[in-house]
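See below for the structure under consideration.
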2 protein chains.
Amino acid sequence: MACQLPPRAVIREVGLRDGLQSIATVMPTDRKRAWIAAAFDAGVREIEVGSFVRPRLLPQLADTAELVAYAKTLPGLFVSVLVPNLKGAQRALAAGADLLLVPLSASRAHSLANLRKTPDEVVAEVARMRAARDASGAKTLIEGGVGTAFGCTLQGRVEPDEVLRLVQALLDAGADRVSLADTVGFADPQSVATLFERARRIAGDRLWCAHFHDTRGLALANVYAALQVGIARFDASLGGIGGCPHAPGASGNVATEDLAFMLAAMDIDTGIDLTRLLALRKRLSTWLPGETLHGALARAGLPATLATAV
Amino acid sequence: MACQLPPRAVIREVGLRDGLQSIATVMPTDRKRAWIAAAFDAGVREIEVGSFVRPRLLPQLADTAELVAYAKTLPGLFVSVLVPNLKGAQRALAAGADLLLVPLSASRAHSLANLRKTPDEVVAEVARMRAARDASGAKTLIEGGVGTAFGCTLQGRVEPDEVLRLVQALLDAGADRVSLADTVGFADPQSVATLFERARRIAGDRLWCAHFHDTRGLALANVYAALQVGIARFDASLGGIGGCPHAPGASGNVATEDLAFMLAAMDIDTGIDLTRLLALRKRLSTWLPGETLHGALARAGLPATLATAV
C-alpha cells in the first residue's frame, strides 16, 4: 500500500556551501546574496550559506560571516553554516548562525584523510563546541552530520553499527541534532530505510536531515525511502552542483529543483514555488559558465498536471 | 521499516524498440544482433527486439522478424515485440515471438493522436488478436500495456479509474498480461504505489510489468515504489535512449544499467553482470554517434562496495 508520507518537508539549500566549495570559480559575495534572496523569494526557508574553515583552504567560502549577516535579515530564514572545529564554531556563534553543522565521517580512513581526526576526536570537538555554545548564551543549534554513512570510496564498507554508535556519541556529546549523509553516492533505498529507521530509534526527533548525493542516480529514490520512515528534511543543491572529486562528470547533491518537484508531485508541502526556483537555476547557469548543472526537471520542464497547480 | 522487496526482478531491455524508434539513425541488423547477443551475454533474459508496424512508418524497426528469429536462437531468452494492430500481431505470431505487447493509451487524446483509435477500439483489437493467437495454436503471450497511465502531455490528467477500467477491459478481451506505463514522465512514487496496487487487485499475477520514463528524474524512485507493492519486472533502455519528443534533451526510459545497479545494490537478483552491461553501453555509444546517452552509473562507475561483489 502507498505509505503514509509526511505532509510537509523542508529542503535545505546547500549549493552555496557543498556546491561552491568544489567549484574553482569564486562567486562574488553580491551574487551569493542575490542567490540567497532569490531562493528565499522562491520559498526556500533553510540555507547553508557557507563554511567557517580557514579562508586559505576554501577561498570560495571566505565571505561566510557576511552571508550569515545578510541571510539573517530575511524574515523566517533559518541560516546554517558548516564548521569543522571549535574555532569555526566560535566564528559561527559570533556571526549569529541559527545552526552549525559539524561533519563527522563514519569512515575512519575518510575522517583521517579529510579532517585529520578520528571520528571520536570529532565527537570530542563537538562536546567543546557545546560547552562554548552554552557559555555564549547563543541559541545556535549544533548538528552532528555523520558522513560516509553508507560506504566510502577509500575504505569501502562502513558498518551500520559504527554509524549508529557515532550518532549516539554525538548526542551524548551535546549535539542538538544529528543527520546522516551519503557523501559518495553509495546508498540505496533499502539501506536508507534500514539505517534511518535505526537512527531514529536512537535519536527520535533529533534525527534532523538526510543528505544524499546523486552520484549514481539514486538520490530521489533514497529520498522516497527516507520519507517513508518519517524523515522530512533534505539537503539539496540547486542544479545538483558539487560533483564528486572521485567521479568526474558525476553529479553532486540531489538537485534542489528535482527534489522540490518530486515532493510537490506527491503533495508534500515544501513552500517552494517551482517556477521561481527554475528561474533562479537559469540565472545560476549564467553565473557559473563552464560548470555542468545537473537535474532532469530543468530539461523537461514542469508537467502539464503540475504546472497548473503551482 | 524497510519493506519486503521481491528477491528477484526481471529487466526487459526495450532499447532496441523504444530507444531506436525515436532515433533517426537506422542501426544495421548486424549491429542489433550484436547488441542482443551482448545483452544476453551480460545476463539479460527478456528483450523487446522491435515492433511490427508498417516499415514505411518506422524504417528503424523494419528488420524485426529477422531479429525475433535470431533472438530465439539464444537459449532461455524471452523475446517480445510491440504490435499496434491485428496485422502486426499476425506477423508476430508468424515470427514466433514469445510475447506481443499491445500499446493502449489511457488518454483518449493521446490514443487518437498516436494510434488513431479510441482506447476501447484498441481493446476490441486485442480481442481479435486473442482469437488469432488461439486459432494459430501459438504459445505467444499477449500483453496489454496501458500507457499515459499517470498523465498525458496532450490531455493533462488521466483518471486512475479510467486506467483501471481499461486494465479490466484488456483482461476481459483476452490479454494474458497487463502492464502500466508512464509514457511521458508524469508519475511519482506515491501515484505509482497507489495505481499499481489497485491494478494488482484487479489483475493479480497477470500485472506483468512497469514502464517508467526518466523524463523528470523520478524513474528509479518510481521503480522502488513499484517494487514495494510487489512489481518485479521493469522495462528499461540501455543508456536511457529514447527521449521524449515533447521535451528536448530529456531522457527516455530508465537506463538499464542504472536500474540494474539499484536492484543489485538492494540484493535483488536480476542475473545481470554490471561490468559486462557497462561494456555493452560503451559499445552502444560508439554505435550511436551524436546521440546523447543518459544514466549516472556510466559516469560514476560502480562503487567500491559493489564492484567487488559482481
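Coordinate-derived values only; no laboratory data. Model, not experiment: these values are computed from the prediction. In this analysis, Cβ positions are derived from the backbone assuming ideal geometry, glycine residues included, and neighbour counts consider all displayed protein chains.
Odds and ends about this structure:
- Among B:57, B:259, B:93, residue whose mean-square fluctuation peaks in a GNM of chain B (springs only between Cα atoms under 10 Å): B:57
- Selection of trypsin sites (Lys or Arg not before Pro), region A:137-192, meeting DSSP coil and at most 12 other Cβ within 10 Å: A:139
- Convex hull of alpha carbon positions in the protein assembly as shown: directionally averaged projected area 25.3 nm².
- Under the Karplus curve 6.51 cos²θ - 1.76 cosθ + 1.60, θ = phi - 60°, whole-Hz ³J(HN,Hα) for region A:142-154, x wherever Gly or Pro sits: 10, 10, x, x, 8, x, 6, 6, 10, x, 8, 5, 7
- For region A:98-195, the share of DSSP beta bridges that are antiparallel, to the nearest 5, is 10%.
- Scanning residues 5 or more positions from residue B:178 or on other chains, those with amide H under 5 Å from its amide H are B:144, B:207, B:208, with H placed 1.01 Å from N in the peptide plane.
- FRET efficiency estimate (nearest 0.05) - Cβ-Cβ, residue A:3 to residue A:86, R0 35 angstrom: 0.25
- A simple spin-label model places the labels of residue A:128 and residue A:30 4.0 nm from each other, with each point 7 Å out along Cα-to-Cβ.
- Averaging over all projection directions, the Cα-based convex hull of region A:107-254 occupies 8.6 nm² in the image plane.
- Neighbouring Cβ atoms from other chains, within 10 Å of the Cβ of residues in A:151-162, number 2 on average.
- Take the Cβ atoms of residue B:37 and residue A:194, set R0 to 30 Å, and the FRET efficiency comes out at 0.20.
- In terms of packing, defined here as the mean over residues of other Cβ atoms within 10 angstrom, the peptides B:217-229, B:64-76 line up highest first as B:217-229, B:64-76.
- Once the Cβ-Cβ distance of residue B:118 and residue B:22 is raised to the sixth power relative to R0 = 30 Å, the FRET efficiency obtained is 0.80.
- Spatial extent of region A:10-303: Rg and Dmax, with the Cα atoms as the point set, Å: 17.5, 52
- What separates the Cα centres of region A:1-30 and region A:138-174 is a distance of 20 Å.
- Geometric descriptor of region B:122-201, per residue, is 94 Å³ (volume of the convex hull of the Cα atoms).
- The phi-based Karplus calculation (6.51 cos²θ - 1.76 cosθ + 1.60; θ = phi - 60°) puts the 3J(HN,Hα) values of region B:266-271 at 9, 6, 9, 6, 10, x Hz, whole numbers, x for Gly and Pro.
- Our coupling estimate for region B:51-59, obtained by passing each phi through the Karplus curve with A = 6.51, B = -1.76, C = 1.60 and θ = phi - 60°, is 9, 9, 10, 5, x, 5, 6, 9, x Hz, Gly and Pro reported as x.
- Take each residue in A:221-232, count the other chain C-beta atoms within 10 Å of its C-beta, and the mean is 4.
- Here's how it looks for residue A:233: its modeled amide H is under 5 Å from those of A:10, A:210, which are all 5 or more places away or on a different chain.
- Near the amide H of residue B:151, within less than 5 Å, lie the amide hydrogens of B:158, all on another chain or at least 5 residues away, with H placed in the peptide plane.
- Considering only chain A, percent of DSSP beta bridges that pair antiparallel, nearest 5: 10
- Average other protein chain Cβ within 10 Å of Cβ, residues A:186-197: 5
- Ranked packing of A:179-190, B:102-113, most packed first, by mean Cβ within 10 Å: A:179-190, B:102-113
- Estimated inter-spin distance, residue B:135 and residue B:269, nm [label 7 Å along Cα→Cβ]: 4.3
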